[in-house]
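Chemist: This is the structure, below, for whatever I ask next.
The values are calculated or read from the model by the stated rules, or taken from the named source; none is laboratory data. Fair warning: this is a prediction, and the values are worked out from it, not measured in the lab. Here the Cβ positions follow ideal geometry from the backbone for every residue, glycine too, while neighbour counts run over all protein chains shown.
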Amino acid sequence: MSSSQIPDAIDCNPTWAVAHLFPSQGEWTESDFFALHANRMIELVDGNLEVLPMPTWLHQLIVDFLSDVVKQTVCSPSGGRVLQAPLPIRLFANHIREPDLMYFAPGSEPNDPRGYPTRVDLAMEVVSDGAEARRRDYEDKRRDYARAGIPEYWIVDPEDRRITVLTLESDAYRVHGEFVPGQIASGLLLPKLCVGVNEVMRLADPAN
């Protein structure tokens, strides 16, 4: 839509005018997505933009803690890479997600380091507050990550005080384990990766 086509009712409002320069919901392409600059985390799902909630202090504490644990497990770049969002991952056509924490096994890194990955070997999501965020992590991303062939998906839920580990079988996830305080969360992809649920959930204490 050109500037001459912007309705008169919003022509005097630059913020609304800029919105009309972008594609309509359902019509976003990957090129449109990567051309967008924003200070919020945004994902692309079936041509629609999903604006993610801003992470809280607790959310980032948990992500940082998990990152340290996974990095200690991997030990060196030769054992793979561990990175945190923001980092867009092209799962498949018109689906771009940004897991909170990602492990890339050797060989999964993009050919061009200035580009974006298309494969993740382990994705972790820390569940944010709100029904929409819970649905996204437990349902939408479970479906999308399985379709993309991500071998393992961890859902870390500070509200339910639980870590769910999902492993891929064929084209769907099965629950490898639902770990609660007092237990040690583990998966199959990185046998030495062990996360104490107590240690994670302790970060939610007011002192932190």
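Chemist: Read through the list (1) over 20 Å from the mean Cα position of the chain (by Cα); (2) closer than 14 Å to Glu125 by Cα, then give the number of the only condition that Gly182 fails.
Modeler: The number of the failed condition is (2).
Chemist: With respect to Glu152, is the statement that it is closer than 21 Å to Asp140 by Cβ, surrounded by 14 or more Cβ atoms within 10 Å (Cβ to Cβ) and touching a Leu at 6+ places or on another chain (Cβ under 6 Å) true?
Modeler: Details: closer than 21 Å to Asp140 by Cβ: yes; surrounded by 14 or more Cβ atoms within 10 Å (Cβ to Cβ): yes; touching a Leu at 6+ places or on another chain (Cβ under 6 Å): yes.
The answer is yes for Glu152.
Chemist: Kindly indicate which of Thr29, Thr73 is loosely packed, with under 14 Cβ neighbours inside 10 Å, touching a residue at least 60 places away in the same chain (Cβ under 8 Å) and farther than 16 Å from Ile155 by Cα. Before you say what the answer is, go through the steps one by one.
Modeler: Values: Thr73 fails: loosely packed, with under 14 Cβ neighbours inside 10 Å.
Only one candidate qualifies: Thr29.
Chemist: Is it fair to say Phe22 is outside the structural domain of Arg134 (by TED's automatic domain parsing), within 22 Å of the chain's Cα centre (by Cα) and at pLDDT below 85? So that I can check it myself, show each step before the final result.
Modeler: Working: outside the structural domain of Arg134 (by TED's automatic domain parsing): yes; within 22 Å of the chain's Cα centre (by Cα): no; at pLDDT below 85: yes.
For Phe22, the condition - outside the structural domain of Arg134 (by TED's automatic domain parsing), within 22 Å of the chain's Cα centre (by Cα) and at pLDDT below 85 - is not met.
Chemist: Taking the condition outside the structural domain of Ile184 (by TED's automatic domain parsing), over 25 Å from Pro191 (Cα atoms), modelled with pLDDT of 85 or more and polar (S, T, N, Q), does Thr15 pass?
Modeler: no
Chemist: A further question on this structure: Which pairs turn up if I take residues in segment 189-208 that are part of a loop (DSSP other than H, G, I, E, B) and look for partners that are surrounded by 13 or more Cβ atoms within 10 Å (Cβ to Cβ) and of a type outside the set (D, E, K, R) with beta carbon separation below 6 Å, at least 6 apart in sequence or on another chain?
Modeler: Short answer, once both residue conditions are applied: Leu189/Leu122; Leu189/Pro151; Leu190/Thr73; Lys192/Thr73; Leu193/Thr73.
Chemist: Scan segment 190-208 for residues that are over 21 Å from the mean Cα position of the chain (by Cα) and at pLDDT 85 or above and jot them down. Don't jump to the end; show me each part of the working.
Modeler: Taking segment 190-208 as the starting set, the residues that turn out to be over 21 Å from the mean Cα position of the chain (by Cα) are 191-192, 196, 198-199, 202, 205-208.
If the condition is that a residue be over 21 Å from the mean Cα position of the chain (by Cα) and at pLDDT 85 or above, then Pro191, Lys192, Gly196, Asn198, Glu199, Arg202 are the ones that fit.
Chemist: Could you tell me which of the residues Tyr138, Tyr145 is of a type in the set (Ser, Thr, Tyr), touching a residue at least 40 places away in the same chain (Cβ under 8 Å) and assigned to a helix (DSSP H, G or I)? Before the answer, list the steps.
Modeler: Numbers: Tyr138 fails: touching a residue at least 40 places away in the same chain (Cβ under 8 Å).
Going through Tyr138, Tyr145 in turn, the sole match is Tyr145.
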